[in-house]
Ligand code: FPP
């Protein structure tokens with residue numbers, strides 16, 4: 001058992017069984033998550049939708065801590081899509097409040113744990129107070145390198161590609177004849193971040209919902225029927241155990257010649 005997991009995983013539990021199945025030399029570097037089902041979780045309990053988001057914020061904390069203990073380097077969470085602005089104003093306000101509370105309460109925890117926060121998405125259209133708070137915490141944690149937490153906010157995969165094209169066109173140093181995928185990816189919001197190895201989606205939907213369209217070209221996808229507020233460390237362990245059983249060929253044959 002890894003030292004970082006001692007005392008964290010209960011002896012004899014299902015989690016311990018899953019941890020014992022893990023190959024710690026092949027932990028995915030980057031895990032991306034489509035956190036879905038908060039509303040349905042609340043509805044099932046006859047609660048307002050916002051209670052689902054509140055419960056979902058607890059799952060966020062559990063996944064962050066577990067990711068760090070497992071040695072995952074980057075965790076990207078789809079927290080607010082460009083399409084989410086269509087939701088009722090009250091629900092949107094609750095989502096921003098949860099994020100603000102999280103940043104105000106957890107900033108010290110991020111620093112103490114050597115976690116870095118980064119935002120991906122059209123940040124210029126975020127509510128100004130939220131944007132300021134995000135930029136404060138990004139600045140505070142910019143040199144940290146244990147775990148990078150990327151929050152996808154006001155994010156859309158197609159918009160990201162269009163924004164990258166615009167940036168590249170404005171960049172006089174770009175030569176269309178030599179432009180390639182590697183150079184192009186420097187204009188994405190995720191510049192410098194490796195592509196996700198594993199994409200997790202909750203609540204049983206088989207869609208990518210405009211998330212990291214460029215970056216998930218070769219990601220392994222793992223879907224659970226459970227709603228995001230029910231997502232626990234055991235789910236993350238199950239996803240990684242399953243990921244480690246997959247054969248990633250990146251279009252090549254196996255074994256490569
Ligand atoms: C999807 O469920 C979830 C969201 C759109 C928001 C995710 C936000 C959180 C988990 C809480 C705050 C986050 C942080 C980083 C502290 P849904 O509402 O689409 O569910 P439904 O499909 O069942 O309606």
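The values are calculated or read from the model by the stated rules, or taken from the named source; none is laboratory data. Owing to the predicted nature of the structure, the values given are computational and were not obtained by experimental measurement. Cβ: placed from backbone, ideal geometry, glycine included. Neighbour counts: every protein chain shown.
Annotations
- Pairs are defined by a Cβ separation below 7 Å, a sequence spacing of at least 6 or placement on different chains, a first member in the stretch 159-175 that is surrounded by 11 or more Cβ atoms within 10 Å (Cβ to Cβ), and a second member that is assigned to a helix (DSSP H, G or I); the pairs so defined are 159/82; 164/184; 164/187; 167/187; 168/184; 168/187; 174/168.
- Condition check for residue 62: within 17 Å of residue 147 (Cα to Cα), surrounded by fewer than 21 Cβ atoms within 10 Å (Cβ to Cβ) and more than 7 Å from the ligand (Cβ to nearest atom): yes
- Taken over the stretch 184-193, the criterion of being surrounded by 10 or more Cβ atoms within 10 Å (Cβ to Cβ) and free of Cβ contacts under 8 Å to residues at least 12 places away in the same chain is satisfied by 186, 191.
- Top-ranked residue of the stretch 65-78 - restricted to ones that are in contact with a helix residue (DSSP H, G or I) (Cβ under 8 Å, 6 or more places away or on another chain) and within 12 Å of the ligand (Cβ to nearest atom), ranked as farthest from residue 101 (Cα to Cα): 75
- Residue satisfying all of: in the stretch 100-122; in contact with a strand residue (DSSP E or B) (Cβ under 7 Å, 6 or more places away or on another chain) and not in a strand (DSSP E or B); farthest from residue 67 (Cα to Cα) among these: 122
- Any hit, the stretch 88-96, residues being near the ligand (Cβ under 9 Å from one of its atoms), free of Cβ contacts under 8 Å to residues at least 60 places away in the same chain, surrounded by 14 or more Cβ atoms within 10 Å (Cβ to Cβ) and within 21 Å of residue 28 (Cα to Cα): no
- Restricting the stretch 20-54 to residues that are within 9 Å of the ligand (Cβ to nearest atom) and touching a strand residue (DSSP E or B) at 6+ places or on another chain (Cβ under 8 Å), the residue that is farthest from residue 73 (Cα to Cα): 36
- Take the conditions (1) more than 10 Å from the ligand (Cβ to nearest atom); (2) modelled with pLDDT of 95 or more; (3) not in a helix (DSSP H, G or I); residue 12 misses just one of them, which is (2).
- Test for residue 137: is it more than 23 Å from residue 243 (Cβ to Cβ), assigned to a strand (DSSP E or B) and more than 9 Å from the ligand (Cβ to nearest atom): no
- Residue tally, condition more than 19 Å from residue 119 (Cα to Cα), more than 14 Å from the ligand (Cβ to nearest atom) and touching a helix residue (DSSP H, G or I) at 6+ places or on another chain (Cβ under 6 Å), over the stretch 199-223: 2
- Flag for residue 228 being at pLDDT 95 or above, touching a helix residue (DSSP H, G or I) at 6+ places or on another chain (Cβ under 9 Å) and within 16 Å of the ligand (Cβ to nearest atom): yes
- Within the stretch 30-41, residues that are on the phi > 0 side of the Ramachandran plot and modelled with pLDDT of 95 or more reach partners that are within 9 Å of the ligand (Cβ to nearest atom) and assigned to a helix (DSSP H, G or I) with beta carbons closer than 8 Å, at six or more positions or on different chains, in the pairs 37/52; 37/228; 37/229.
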